Every structure is written in structure tokens, then in C-alpha cells.
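Read the structure below first, then the notes.
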Amino acid sequence: MKECQAVLEALKNVGKISCNRSMGVHVHVDVQGLTLEHLKNICLNFIKHEAAMDSFMPNSRRHSEFCRSNRDAILPHAATHGLKHNEIVSCDNLEDLCDIVNPGQARYYKLNLQNLQSSRSGEKKGKQTIEFRQHSCTTNYSKIEAWVRFCARMVKNSTDRPRRLLEHENEFDSLFDTVIQDLKLKAFYKNRRAEISHQLHDDHGTDADPCCDTCGTKGGYCEEIIL
């Protein structure tokens, strides 16, 4: 994180950084050594709390061709979330899990397992990672640091299988109290959720949300000044 902060500080010399709503902050977490059961638990926790994570992301990252919904992709016509849960639990191997979480072997999902699959099959050399693609474009170190910590804790604390999602359950509290277990992160994202809710209200509920989470520019392009 110190190296990341140093890079962002160095960018101040550039002057202006261009951002648009198609960009995002992608975090890869090394999962080498985790079992198939551990990986399934990560996926279960992710789809269980996807809506809660959406609540502190801009509109452009909730519905995007570059970070599609994993929950919606799994048995899209399923009547209950329990069926989606069972679909993941029943996976017998990594290939099946990747195909279920990322249908069509596409990487453009909020949670991407395709790098993990290719690494283990020998098609691609490198670390075995899963990729979190949900965060919007930003050069704000505090937001990047919080998201990296969030993704790392999501992986680390997903060794136990979560109970099934209930429709009436408070997903935000469930996410932070049972999975992330970090009061500082909970407070950070509670404030972030309130900011985005206020922002969307000011936009009268339209889709013209800011292109990234650090500026107020509407539309598809802006120049973010690093302060």
C-alpha cells in the first residue's frame, strides 16, 4: 500500500488524470493454496452481499458491461437465491465453479475467476488470483486503500460457509458484521453509501451519475485533478 500511495503521489506531477465510467479499480487477491471449498465460500459470500456492495458504488459500477452481476448471471431465472447458493455448493471442481460464476468464460464480472482457472490449468504462468472489478475509477488513495483492505478481508474471512441469503436480511450489516469484521471499514463504507445515495437523489434518479467516484462531472468523460 505504501508503494501504491507513492505512485499516486508521483502522479501529482502530471497535473491531470483522465477518468471515465468505463474504467475501474481492479484488485487481484492471491488465493494460492486455498481449497475448492474456500473458493466456493468466497463466491457464496460475494453473491450473498453483492447488493450491499452495490449500495456504496456509483450507478455506473452497479450496471456495467465491464463488471456484470455475478448473482444475476447464476441461474438468471431461478425463483429463489437458495437455488443460486446450491448451484455453487454443488460444484465438484474449479472449472465448474468458474463457469457458474463467470458464464461463457467471460472476465467482465464484478468477481472474476478466469485468471485463476487459466493459472491452474497451465495456460498462463503467474500467481493464482481472483479479481474484484466492482470499484469505480479513482486516484484517491483513501478509497483505493479501503477497497484493497475490503477485498483482502473478503477472501481471508471466507473460510466458513455463509448461511443462505434471506430476502429480508439487512445485507449491509451482514456483510460487515459476519464477513469483513472491520469497524473502520464499516464506518467508511456507511459514509460512502450515504454520499452516493445523496448524490443519486440530487440527480433525480437518472442514470447521469458522475463518471467516477471522485468528481461531479456528468456523462462519459472527465479530467480528474489530483489534490
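The values are calculated or read from the model by the stated rules, or taken from the named source; none is laboratory data. Worth saying up front: this structure is predicted, and the values here are computed from it rather than measured. In this analysis, Cβ positions are derived from the backbone assuming ideal geometry, glycine residues included, and neighbour counts consider all displayed protein chains.
Couple of notes before you dig in:
- Leading residue by the ranking (surrounded by the fewest Cβ atoms within 10 Å (Cβ to Cβ)) among those in segment 136-158 that are over 23 Å from HIS63 (Cα atoms) and of a type outside the set (S, T, N, Q): LYS156
- From the options ILE17, ILE42, residue that is hydrophobic (A, V, I, L, M, F, W, C), closer than 20 Å to THR129 by Cα and not in a loop (DSSP other than H, G, I, E, B): ILE42
- Pair list, Cβ under 9 Å, 6 or more apart: segment 23-41 residue among the acidic types (Asp, Glu), other residue assigned to a helix (DSSP H, G or I) and buried (at least 18 other Cβ atoms within 10 Å of the Cβ): ASP30/VAL155
Each row is one residue, and each column tells you yes or no for (1) on the phi < 0 side of the Ramachandran plot; (2) surrounded by fewer than 22 Cβ atoms within 10 Å (Cβ to Cβ).
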{"residue": "CYS43", "(1), (2)": "yes, no"}
{"residue": "ILE47", "(1), (2)": "yes, no"}
{"residue": "ALA51", "(1), (2)": "yes, yes"}
{"residue": "ARG61", "(1), (2)": "yes, no"}
{"residue": "ASN70", "(1), (2)": "yes, no"}
{"residue": "LEU75", "(1), (2)": "no, yes"}
{"residue": "GLY82", "(1), (2)": "yes, yes"}
{"residue": "ASP92", "(1), (2)": "yes, yes"}
{"residue": "GLU95", "(1), (2)": "yes, yes"}
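- Taken over segment 55-91, the criterion of being under 21 Å from ALA106 (Cα atoms), in contact (Cβ under 8 Å) with a residue 40 or more places away in the chain and not β-branched (Val, Ile, Thr) is satisfied by SER60, ARG61, SER64, GLU65, PHE66, CYS67, ARG68, SER69, ASN70, HIS85, CYS91.
- Residue within segment 69-84 that is closer than 26 Å to ILE196 by Cα and not in a helix (DSSP H, G or I) present: yes
- For segment 87-118, the tally of residues that are part of a helix (DSSP H, G or I), of a type outside the set (D, E, K, R) and out of contact with any Leu (no Cβ under 9 Å at 6 or more places or on another chain) stands at 6.
- Annotation note: of SER158, SER174, the sole residue that is among the small types (Gly, Ala, Ser), part of a loop (DSSP other than H, G, I, E, B), modelled with pLDDT under 95 and under 18 Å from MET53 (Cβ atoms) is SER158.
- Selected residue [at pLDDT 95 or above, over 19 Å from ALA152 (Cα atoms) and touching a strand residue (DSSP E or B) at 6+ places or on another chain (Cβ under 8 Å)] from SER69, SER60, SER119: SER69
- With respect to the stated conditions, LYS127 fails to be under 13 Å from the mean Cα position of the chain (by Cα) and either surrounded by fewer than 18 Cβ atoms within 10 Å (Cβ to Cβ) or under 24 Å from GLU169 (Cβ atoms) (or both).
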